[in-house]
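To keep things clear, I will list the structure first and then write my remarks on it.
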There are 2 protein chains.
Amino acid sequence: MIYTYTLNPSIDYVMHVDAIQFGATNRSTSEIYKIGGKGINVSVVLNNLAIKNRASGFLGGFSGNFIDSELKKYQHIENDFVHTELPTRINIKIKQDVETEINGSGAAIPEDAIEALWQQIRNLPDDAFVVLSGSLAKGVPESIYIDICQYLKSRNIGFVVDTASATLLDIAKLGPVLIKPNREELEAFYNSEFADDQALIAAGKRLHADGAQHVIISLGGKGSMLICEQGIYRATVPKGTLVDSVGAGDSMIAGFVYGFTIGMSAVESFRYAAAAGSATAYSRDLATKDAINTLKDDIEIVQL
Amino acid sequence: MIYTYTLNPSIDYVMHVDAIQFGATNRSTSEIYKIGGKGINVSVVLNNLAIKNRASGFLGGFSGNFIDSELKKYQHIENDFVHTELPTRINIKIKQDVETEINGSGAAIPEDAIEALWQQIRNLPDDAFVVLSGSLAKGVPESIYIDICQYLKSRNIGFVVDTASATLLDIAKLGPVLIKPNREELEAFYNSEFADDQALIAAGKRLHADGAQHVIISLGGKGSMLICEQGIYRATVPKGTLVDSVGAGDSMIAGFVYGFTIGMSAVESFRYAAAAGSATAYSRDLATKDAINTLKDDIEIVQL
């Protein structure tokens, strides 16, 4: 089974305001509460592909209870979050002509909750496949992804990591099945700007040589690249109109993990990654199975 | 027993942001969740004065559950809210050098919940004392305060109403024990600016003549006035430093209701109102019993 971990989930509280005035009292015309968190998004897309998976991480307080109850609506997600007392962060998204975000810093995760998460990880079955996604809540040791990956490697459990933290290079050395940096993240990791695709590919090849089995570099509207044992591939973006790119990267992870764990080739898994990413970007919500299956036939993959 | 009704409660989500940038992603350095709603504030101050009371109104969804569980921490509050499915509104308070508020509009209250509230009101015991405070959630009929007051009058149950809505003049005619407009509200009701205290007093006297048993006009840092059968009184503001005036008006209601329902004279009840208002304004939280008792001796009340 696939296990996703979201160590810093959120509620995205979307408020529509006509014209905000600073230093004054404004009124929102309508509000939406969306559950957020990269691993949770992966779980939802896997659910949409009818792949059973278990979601864990930390949820706290009344806002955590909301995420908990929303997750229970998904038929294929087993909800296994560790609960804490203080609220999971609520991020504000103020929509007017421009969008202003204010992300909450959230409460610190207590040590016993971190230990409970480790207990879950130690109890993973041998055939587990693990997805670690997103930032870390306060109180969680910076090294936790490295520590978990080291443990998973020691048990020969496959894992995927998607984080913008500076530890990606160390994680690559631990042999993840997939890492998926975008251009900006890769540039930050290597502390240099890539002049052209060749420089990007060189950076991806380095991560692959370091140990990452598959490296997907996502390039937004310019498609994506896969670097792996079988070669270097580039996927085009299928036709469609960008609606909301939130969760597109998480959907790529889900698409790849879907293909990989049911035994597809790396290139076919990459096709599902690209299709799921676009399916999410072209809709208000996360990718559906139908959208993914429609878009995947419209994607061209060429070996470079 | 005292029954408070809050028909549009909220969570105030206070976010501290160093320097907000519009159209960008900002991070809050710390967050606090406070339960809000005028009737709830009255209940909390009554609780602090060790007066048992029952709090009702509408609470919904995960945010309503939070208010519900917070209210359960107060020993003297019986929690009797009607629950609905969609979330109670969350109001955002962004604190930096200036404070910007964005109030949620909240979900509409369904008809069966309104009927459940009426059922509670119809079941009130003869010795009930009712406090109706604050704005109305979406879906609640504009006339509900008038309708409830008419019903309470028919049953000879005492009531206090604190609302900025245009119905105050109609409510005055139904004989409330207390109404507590501030200067701005009075000016809005009468659609005119009051040049001096005499004009304010004239307006208060009119409300009293219309039927309101006691009219308190709150004037912020300039104290307050009481107009009632016994005469016209003015209370000074006790010494202290303004910390946060949120809930000060609700605390005045609680202070007056406290005195009135245990049999104090109107003037002594007014003293408690003034003391509770200042006690809240001079602290980060709502008035405590100790603060009220300390400040009340420092208030001068003169008959005009």
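Observations on the structure shown:
- Residue list for the range B:252-267, filter: surrounded by fewer than 24 Cβ atoms within 10 Å (Cβ to Cβ) and within 16 Å of B:S218 (Cα to Cα): B:A266, B:V267
- Hits in the range A:1-37 - residues which are closer than 17 Å to A:E70 by Cα, at the interface with chain B (Cβ under 10 Å from one of its Cβ atoms) and charged (D, E, K, R): A:E31
- B:L286 being within 16 Å of the chain's Cα centre (by Cα) and either surrounded by 22 or more Cβ atoms within 10 Å (Cβ to Cβ) or closer than 25 Å to B:D127 by Cβ (or both): yes
- Summed over the range A:169-188, the residues that are without any contact (Cβ under 8 Å) to a residue 24 or more places away in the chain and under 17 Å from A:H214 (Cβ atoms) give a count of 1.
- Test for B:F256: is it under 18 Å from B:A281 (Cα atoms), aromatic (F, W, Y) and at pLDDT 95 or above: yes
- Failed criterion for B:F270 (all others in (1) open to solvent by less than 40 Å² (accessible area, probe 1.4 Å); (2) part of a strand (DSSP E or B) hold): (2)
- The helices (runs of 4 or more DSSP H) falling completely within the range A:140-220 that include 2 or more residues that are within 21 Å of A:L7 (Cβ to Cβ) and open to solvent by less than 10 Å² (accessible area, probe 1.4 Å) map to A:144-154, A:168-172.
- Residues being facing chain A (nearest Cβ under 9 Å), within 13 Å of A:I32 (Cα to Cα) and either without any contact (Cβ under 8 Å) to a residue 60 or more places away in the chain or acidic (D, E) (or both) - total across the range B:76-106: 2
- Residue in the range A:34-52 that is more than 26 Å from A:F256 (Cβ to Cβ) and free of Cβ contacts under 8 Å to residues at least 40 places away in the same chain present: no
- Restricting B:L71, B:L59 to those that are more than 17 Å from B:F129 (Cα to Cα), in contact with an Asp or Glu (Cβ under 6 Å, 6 or more places away or on another chain) and more than 11 Å from chain A (Cβ to nearest Cβ) reduces the list to B:L59.
- Considering A:G106, A:G134, A:G139, the condition of being on the phi > 0 side of the Ramachandran plot and under 18 Å from the mean Cα position of the chain (by Cα) is satisfied by A:G134 alone.
- When restricted to residues that are under 30 Å from A:V14 (Cα atoms) and in contact (Cβ under 8 Å) with a residue 24 or more places away in the chain, the range A:259-304 contains 19.
- All of (1) open to solvent by less than 10 Å² (accessible area, probe 1.4 Å); (2) more than 17 Å from the chain's Cα centre (by Cα); (3) not charged (D, E, K, R) hold for A:L295 with one exception: (1).
The values are calculated or read from the model by the stated rules, or taken from the named source; none is laboratory data. Predicted model, so just to flag it, every value in this text is computed and none were measured. Cβ coordinates were reconstructed from backbone atoms using ideal geometry, including for glycine residues, and neighbour counts include every protein chain displayed. Just so you know, the surface numbers come from the protein's heavy atoms only, side chains and all, with ligands and any DNA or RNA stripped out. Shrake-Rupley method; radii C 1.70, N 1.55, O 1.52, S 1.80 Å.
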